[in-house]
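Peer 1: What follows is a structure written as C-alpha cells; I'll ask about it next.
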Amino acid sequence: MMIATKKSIIDWVKWIAVFAIPLMIIVLLPTSEAFTVPMRNFLAVTLWGILMYMFELIDNAVTSILLVFGYVIFGIAPLNVALSAWTAGAVWMTFGCFALIAIVQKTTLLKRLAYFCVIASGGTYSGIIFAMITLGVVIKFILPGCTTGIAMLALAYSIVKALNLEKSKAGAGIIMAMLLGFMDSCVGYMPDYFSVLFANVGTVTPVPVSMTSFAFHNLIFLPLIYLIGFLLTKYFKPEIPISSKTYFREQLRLMGSIEQKEKKILMVLLLF
C-alpha cells in the first residue's frame, strides 16, 4: 500500500512539473525584439514535449501529436506549417513504428518468440545467450525503434528473474546478449533517426538507402556480435549449469494457443 501511495505521489509530482515549468517560462521570461512572444511560447511548448517524453506519462505517439497541435494553439505557427513535416516519409515511418510497438506490447508475441528461441537453443546458458542475440537481431529487423529496445530488455530481465539469476554475472550476461543483438547488430533501419538522417542528406545528394540495402551492407558485423556472445558464455557463465528447457516449455503451455488477433499482428509485421 505504501509503495502504491509513493508511486502515486511521484506521478503527481511529474504531472505538476510537466505543466508548471513551461508555465513559469511563459509568465517569468520577459520578451523583447530579439526574444519575441512566439519564440517564448515555442520554448515553453517544446519543453513541455521534452518533459512528457522524459517522464513517459502517456504514450510517446500521443505526445508527438499533442506537441504539433500545441504549436498551433499557442500561435507559434499556422496549422499548414505545423503539419508540413507530416508529409515526409520519415515521420510516418516513425509514427507507424510507435503504433506497431504499442500494439505488439499488448500481446504475448515477444514473450512467445523469446521462449521458443530458448527452447530451440537447448535451454542451456550458452543456448540462452545465443538465443537472446538472435532474437534481438530478428526483432531489430522487423520492428526497429528505441521503444522496442526497452521492451526487449524487460523481456530479457523476465528470463533472468525466472531463472533466479538477479544480481549475478550470469544474469548480466543474458541482458548484455539481448543488448548485443538488438542495439549492436546494425541490421535494423531505425526509423526514428536513420530515416530522418538519410532524408535530410537526400536533399543535398542522392542517397538510395532502403531497409533491405541497409541491412545487407551491415551483415558483415553479425559474426562479431556472435563472437562477443561466445565470450559472454565463457566470462559470465553461472556457477551451477542451467538446463531450463522444461521450464520454458511449461510457460509456453500455460500461455495457451496463440490468439487470432496475435496471428493477424504477426502477419502484418511479416508483410512490413
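The values are calculated or read from the model by the stated rules, or taken from the named source; none is laboratory data. From a predicted model like this one, the values you see are computed outputs, not experimental measurements. Because the Cβ atoms are built from the backbone with ideal geometry, glycine has one as well, and the counts that use them run over all protein chains shown. In case anyone asks, the SASA skips ligands and DNA or RNA and just uses the protein heavy atoms, side chains included. Shrake-Rupley method; radii C 1.70, N 1.55, O 1.52, S 1.80 Å.
Peer 1: Give the stretch 52-88 a look and list any residue that's open to solvent by less than 50 Å² (accessible area, probe 1.4 Å) and over 26 Å from LYS106 (Cβ atoms), or say none.
Peer 2: GLY70, TYR71, VAL72, ILE76, ALA77, ALA82, ALA88
Peer 1: Which of the following residues is at pLDDT below 80, under 25 Å from THR148 (Cα atoms), open to solvent by 90 Å² or more (accessible area, probe 1.4 Å) and out of contact with any Gly (no Cβ under 6 Å at 6 or more places or on another chain): MET190, MET211, MET183?
Peer 2: MET183
Peer 1: Can you say whether THR205 is open to solvent by less than 100 Å² (accessible area, probe 1.4 Å) and more than 21 Å from the chain's Cα centre (by Cα), as far as the supplied structure shows?
Peer 2: In short, yes.
Peer 1: Hey, any hits in the stretch 220-243 for a residue that's in contact (Cβ under 8 Å) with a residue 40 or more places away in the chain, of a type in the set (S, T, N, Q) and closer than 23 Å to VAL137 by Cβ?
Peer 2: yes
Peer 1: Quick test for you: out of LYS140, LYS169, pick the one residue that is charged (D, E, K, R) and at pLDDT 85 or above.
Peer 2: LYS169
Peer 1: What is the residue count in the stretch 109-124 for residues that are open to solvent by 10 Å² or more (accessible area, probe 1.4 Å) and either closer than 20 Å to TYR226 by Cβ or not in a helix (DSSP H, G or I) (or both)?
Peer 2: 8
Peer 1: Can you list residue pairs whose Cβ atoms sit under 7 Å apart, with the first residue in the stretch 153-167 being more than 15 Å from ARG112 (Cβ to Cβ) and the second being part of a loop (DSSP other than H, G, I, E, B) and acidic (Asp, Glu)? Count only pairs 6 or more apart in sequence or on different chains.
Peer 2: VAL160/GLU166
Peer 1: Sticking with this structure for a sec: Being assigned to a loop (DSSP other than H, G, I, E, B) and surrounded by fewer than 16 Cβ atoms within 10 Å (Cβ to Cβ) is the filter here; which residues of the stretch 239-256 pass it? So that I can check it myself, show each step before the final result.
Peer 2: Of all residues in the stretch 239-256, those assigned to a loop (DSSP other than H, G, I, E, B) come to 239-244, 256.
Correct list: GLU239, ILE240, PRO241, SER243, GLY256.
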